[in-house]
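Here's the structure we're looking at; comments come further down.
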Amino acid sequence: MNYVEDFEGIKMDIQAVDISISDNLQQRIRKMIERLQRRFSELTCVDVHFKKKSEYSTANRTVSVRLGITDNDVIASDSGDNWVALLKRVEEKLSRQLRKR
């Protein structure tokens, strides 16, 4: 599944390898972008990648997010078994990186 949207002036590109992303998860991504934009208003684009590995491995899901910022991009990823929890942890990592700027 590939999904591109212009969300509040920010290009949002969601890519999921061989899986479908629910509307609820898409809404959570939008909320994440809103919260991150409050910390750093210079966001130009957000790329979100969802990947699922073999069902038999532990931590079989991976979420990676790249924030497009004028000077340097900020990237964070995490692996686990719950999409919502992963997205939350990635958001926390991105927030810490933005605070350092």
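The values are calculated or read from the model by the stated rules, or taken from the named source; none is laboratory data. Model, not experiment: these values are computed from the prediction. Here the Cβ is made from the backbone with ideal geometry for all residues, glycine too, and neighbour counts use every protein chain on show.
Just a few scattered comments:
- Entry remark, the range 43-64: residues being out of contact with any Lys or Arg (no Cβ under 6 Å at 6 or more places or on another chain), surrounded by 12 or more Cβ atoms within 10 Å (Cβ to Cβ) and either modelled with pLDDT of 90 or more or farther than 14 Å from residue 86 by Cβ (or both) number 9 in total.
- Residues located in the range 84-101, provided they are basic (Lys, Arg) and modelled with pLDDT under 95: 96, 99, 100, 101
- Subset of the range 1-30 (residues that are within 25 Å of residue 101 (Cα to Cα) and surrounded by 12 or more Cβ atoms within 10 Å (Cβ to Cβ)): 7, 10, 11, 12, 13, 28, 29, 30
- Boolean, residue 33 is under 12 Å from the mean Cα position of the chain (by Cα) and of a type in the set (Val, Ile, Thr): yes
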